[in-house]
Amino acid sequence: MSSPGTVPQTTPGTTPGTTAEAKDLIRLRRIAELRRQVATWRRAGESIAIVPTMGALHDGHLELVRRARVDCERVITTIFVNPMQFNRPDDLSSYPRDEAGDIAKLAENRVDALFAPAAEEIYPKGYQTRVSVPLLSDCLCGAARPGHMEGVATVVAKLLLQSLPDAAYFGEKDYQQFLVVQRMARDLDIPVRMEAVPTVREADGLALSSRNLLLTPAQRDQATAMYRVLTELAARLKDGRTPAPPALAWGRAALGEAGFDPVDYLELRDADTLQPLERAERPARLFAAAWLGQVRLIDNLAVVDG
Ligand code: AMP
C-alpha cells in the first residue's frame, strides 16, 4: 500500500527535499545495540521518539513517523511481530512481512534507526513476565482475542524500557490498544509522553492496515462498509439523545449484508474508560471488529469528542 489514493487526516507525504537512502538507516537487532545508540544521542542532548510497529509498513505507520519527526530530533521505529499478542498460530504465521520494503520507506521518511529484534531477543529462554491492564483490556478486542492486550502491554513496556524515549507514537486506529499502553506507562511510572495520531484512511474511508494486503479484490470492495456504517451510526447518535442499542443492531445487520461474517462487535463506548454507553452523552466512540473471510478488520470513530 502506498500514499497515492489515501486520504490521511493529517498532512501526508515524505518531507520534501529529503533523499535519505537505506544505507543511512541504522539497523539494530540487539537490545544492547539499541541502548548504546540511545546513549550516544542522549550524550549529544538529543530528544528521542519511538514508533512501535509490526512492519508491513503503510502510510498510517508513516504518519506516526512524521509526527515523531516533528516533535523529536531522533526517531526509532521498531518492527517486531510480537508472538505474545497473537492468540491464533495461523494469524501469526500469515501476518504480512516485508522488511526490504519497510527499510526503504523508513529511510525515505528519515527515520534514524530501525530496531528489529528476533523473538528470542525479546523473549529469551525462561521468560515469564506479563504486564496486564485488566479493566481496559477485558472488553472489545481483548474479549475477542484472549491474551492479546496483555501481549501488547508487555511488549510495549519492554520496548519503552529498552529505549527510554521522550515520546512514543501510536495510532487511533487501535484506540483500545492506545488506552491500554497509556495506562500501563502511567501505572508503571515510565517517564514517556504517549501520543495518539488520527487514523489514516484510503479515499473510500477504509482504515489503512497491514491486514488489508490479505483481502481479495472483492473483499477489498466489501471492506468499505465498515467505515460507511460507522459514519452513518456516528451521525445518528451524536445528538446524545438517540438510544444506541437499536442503531447498533441496524449497524450489525448492515455489516452482515455487506459480507462481514461474523461481526465480533459493534459498540458505543465511553472514550476514556471503554464502558458501554446507552447514548453518546459524554466523550464517546464507536468500535467495530468483523471478519471478511479469514481477515479480521477493526475500526473506530469518535461520536462525541473528548
Ligand atoms: P501495527 O503494525 O499494526 O501494530 O501498527 C503499529 C502502529 O501503527 C499502531 O500504533 C497502530 O495503531 C498504528 N496504525 C496502524 N494503522 C494505522 C492507520 N491507518 N492510521 C494511523 N495509525 C495506524
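In table form, for the structure just shown:
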{"read-out": "Verdict on residue 228 being part of a helix (DSSP H, G or I), over 22 Å from residue 270 (Cβ atoms) and either within 16 Å of the ligand (Cβ to nearest atom) or among the β-branched types (Val, Ile, Thr) (or both)", "value": "no"}
{"read-out": "In segment 192-219, residue nearest to the ligand (Cβ to nearest atom) [restricted to those that are part of a loop (DSSP other than H, G, I, E, B) and small (Gly, Ala, Ser)]", "value": "209"}
{"read-out": "Considering residues of segment 92-123 that are without any contact (Cβ under 8 Å) to a residue 12 or more places away in the chain and of a type outside the set (Ser, Thr, Tyr) only, the residue surrounded by the fewest Cβ atoms within 10 Å (Cβ to Cβ)", "value": "100"}
{"read-out": "Residue 236, sole failed condition from (1) touching a residue at least 24 places away in the same chain (Cβ under 8 Å); (2) closer than 17 Å to residue 303 by Cβ; (3) away from the ligand (no atom under 14 Å from the Cβ)", "value": "(1)"}
{"read-out": "Only listed residue being surrounded by 20 or more Cβ atoms within 10 Å (Cβ to Cβ) and in contact with a helix residue (DSSP H, G or I) (Cβ under 9 Å, 6 or more places away or on another chain), chosen from 220, 269", "value": "269"}
{"read-out": "Qualifying residue in segment 141-158 (condition: touching a residue at least 40 places away in the same chain (Cβ under 8 Å), in contact with a strand residue (DSSP E or B) (Cβ under 8 Å, 6 or more places away or on another chain), under 16 Å from residue 53 (Cα atoms) and within 13 Å of the ligand (Cβ to nearest atom))", "value": "yes"}
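Read the figures in this text as sums done on the coordinates, not as results from a lab. Just so it is clear, the model here is predicted, and its values are computed rather than measured. Cβ coordinates were reconstructed from backbone atoms using ideal geometry, including for glycine residues, and neighbour counts include every protein chain displayed.
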